[in-house]
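In what follows, a structure is listed as structure tokens, so that the remarks can point back to it.
The values are calculated or read from the model by the stated rules, or taken from the named source; none is laboratory data. For clarity, every value in this text was computed on a predicted model and none was experimentally measured. In this analysis, Cβ positions are derived from the backbone assuming ideal geometry, glycine residues included, and neighbour counts consider all displayed protein chains.
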Amino acid sequence: MVGIVGGPATLGESDPAMITTYGPNTVVPRGEYTLPAYCIDEWPAPGRAGAAWPTDGLHKRLLRDTVEPLLWAHGRRLCTVAELMRAAGGASGRRYPWGQVRDTTRCDSKDDAPEVMGTYPDCVSPSGVREVQVRSTWARLDATTLAALTEAGAAAQPGFDGGYAVWGGLVRDDTYYAPTNFGVHFHLADAPGFNDDGLRTCAWSGAVSDEQQAGWRALMDSLAASQSFATLGR
């Protein structure tokens with residue numbers, strides 16, 4: 001995992017044109033955050049260079065009922081949207097992991113069937129988080145982001161209830177939500193698992209024991225072998 005220093009951060013979208021283009025309900029507006037120190041996975045699940053991406057998406061019901069309790073058993077938890085924005089764009093809140101301007105060459109744009117993790121060495125955030133912008137990540141809505149999105153009208157969207165969001169944009173162009181560090185969208189519990197909805201976990205600093213880490217590694221090895229998020233619940 002990568003350690004992220006706690007403190008103030010300015011996160012979210014400030015450009016009205018970007019908000020208008022992608023819709024206020026799926027773009028986190030600019031705001032001031034104060035985050036405690038935390039740790040975040042360097043890689044998305046299954047979490048290592050050379051690993052293939054899972055071929056099935058992680059749907060909300062499986063995440064809520066099975067996978068999230070499993071995370072806690074291994075000293076981990078879902079990241080919040082704020083934590084993901086901070087890890088992806090730094091304390092100054094970059095729009096993209098590499099800066100303010102879009103660059104489709106930095107990360108893999110084939111989110112439906114991307115190359116193995118690590119194929120694009122420049123697909124890395126200022127914090128050292130890898131493979132950002134390839135696939136989105138399930139997250140929890142923290143209080144600050146929840147309030148900002150509620151004020152923007154996102155509460156009217158199907159799937160907004162329950163405190164879960166799918167965070168992050170994709171490198172490709174044909175997405176309905178912002179292809180930036182500030183893009184979010186939501187799913188109903190009975191929606192299918194989409195391949196571009198993945199998993200990257202967080203933990204409080206010093207909270208993961210060696211035993212939990214070993215168990216997590218074994219779980220990720222199993223995921224890498226099966227290519228199915230459903231195996232995490234077995």
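Quick one: T144 ticks every box in (1) in contact with a Gly (Cβ under 9 Å, 6 or more places away or on another chain); (2) closer than 25 Å to L62 by Cβ except a single one, so which number is it?
Checking T144 against (1) in contact with a Gly (Cβ under 9 Å, 6 or more places away or on another chain); (2) closer than 25 Å to L62 by Cβ, the one that fails is (2).
So how many residues does the stretch 163-180 have that are touching a Lys or Arg at 6+ places or on another chain (Cβ under 8 Å) and at pLDDT 95 or above?
Matching residues across the stretch 163-180 total 2.
Within the stretch 1-93, considering only strands (runs of 3 or more DSSP E) that don't extend past its boundaries, which have at least 2 residues that are buried (at least 17 other Cβ atoms within 10 Å of the Cβ)?
7-11, 31-35, 38-40
Filter the stretch 51-102 down to residues that are among the aliphatic types (A, V, I, L, M) and more than 14 Å from the chain's Cα centre (by Cα), then give me how many there are.
9
Quick one: what pairs do we get from the stretch 1-26, first residue of a type in the set (V, I, T), second surrounded by fewer than 15 Cβ atoms within 10 Å (Cβ to Cβ) and in a strand (DSSP E or B), C-beta under 9 Å, 6+ apart or different chains?
Here the result reads T10/E32, each pair linking the stretch 1-26 to a residue that is surrounded by fewer than 15 Cβ atoms within 10 Å (Cβ to Cβ) and in a strand (DSSP E or B).
Give all pairs with beta carbons closer than 9 Å in which a residue from the stretch 40-52 that is within 19 Å of L232 (Cα to Cα) meets a residue that is assigned to a loop (DSSP other than H, G, I, E, B) and of a type in the set (D, E); count only pairs at least 6 apart in sequence or on separate chains.
From residues that are within 19 Å of L232 (Cα to Cα), the pairs are W43/E131; P44/E131; G47/D41; R48/E42; A52/E115.
Could you please tell me which pairs satisfy a Cβ distance under 6 Å, a separation of 6+ or placement on different chains, a first residue in the stretch 215-228 that is touching a residue at least 60 places away in the same chain (Cβ under 8 Å), and a second residue that is among the polar types (S, T, N, Q)?
Taking only residues 6 or more apart or on different chains, the pairs are Q227/T55.
Being within 14 Å of L199 (Cα to Cα) and polar (S, T, N, Q) is true for just one of T66, T20. Which residue is that?
T66
Hey, R234 hits all of (1) buried (at least 16 other Cβ atoms within 10 Å of the Cβ); (2) charged (D, E, K, R); (3) modelled with pLDDT under 90 but one; which does it fall short on?
Among (1) buried (at least 16 other Cβ atoms within 10 Å of the Cβ); (2) charged (D, E, K, R); (3) modelled with pLDDT under 90, R234 violates only (1).
How about the stretch 98-114: which of its residues are of a type in the set (A, V, I, L, M, F, W, C) and either surrounded by fewer than 17 Cβ atoms within 10 Å (Cβ to Cβ) or at pLDDT below 90 (or both)?
Of the stretch 98-114, the ones of a type in the set (A, V, I, L, M, F, W, C) are 98, 101, 107, 113.
Within the stretch 98-114, V101, A113 qualify.
Taking the stated definitions as given, is A37 in contact with a strand residue (DSSP E or B) (Cβ under 7 Å, 6 or more places away or on another chain), modelled with pLDDT of 95 or more and among the aliphatic types (A, V, I, L, M)?
On the way: in contact with a strand residue (DSSP E or B) (Cβ under 7 Å, 6 or more places away or on another chain): yes; modelled with pLDDT of 95 or more: yes; among the aliphatic types (A, V, I, L, M): yes.
Yes.
Could you count how many residues in the stretch 162-189 are surrounded by fewer than 16 Cβ atoms within 10 Å (Cβ to Cβ) and among the β-branched types (V, I, T)? Steps first, please.
So the first thing to find is which residues in the stretch 162-189 are surrounded by fewer than 16 Cβ atoms within 10 Å (Cβ to Cβ), and the list is 162-163, 173-174, 176, 188-189.
Now narrow it down to the ones that are among the β-branched types (V, I, T): none.
Within the stretch 162-189, residues that are surrounded by fewer than 16 Cβ atoms within 10 Å (Cβ to Cβ) and among the β-branched types (V, I, T) number 0.
Here is a list: G159, G153, G128. Which entry is more than 17 Å from I40 (Cβ to Cβ), at pLDDT 90 or above, exposed (fewer than 15 other Cβ atoms within 10 Å of the Cβ) and not β-branched (V, I, T)?
Values: G159 fails: exposed (fewer than 15 other Cβ atoms within 10 Å of the Cβ); G128 fails: more than 17 Å from I40 (Cβ to Cβ).
Going through G159, G153, G128 in turn, just one is more than 17 Å from I40 (Cβ to Cβ), at pLDDT 90 or above, exposed (fewer than 15 other Cβ atoms within 10 Å of the Cβ) and not β-branched (V, I, T): G153.
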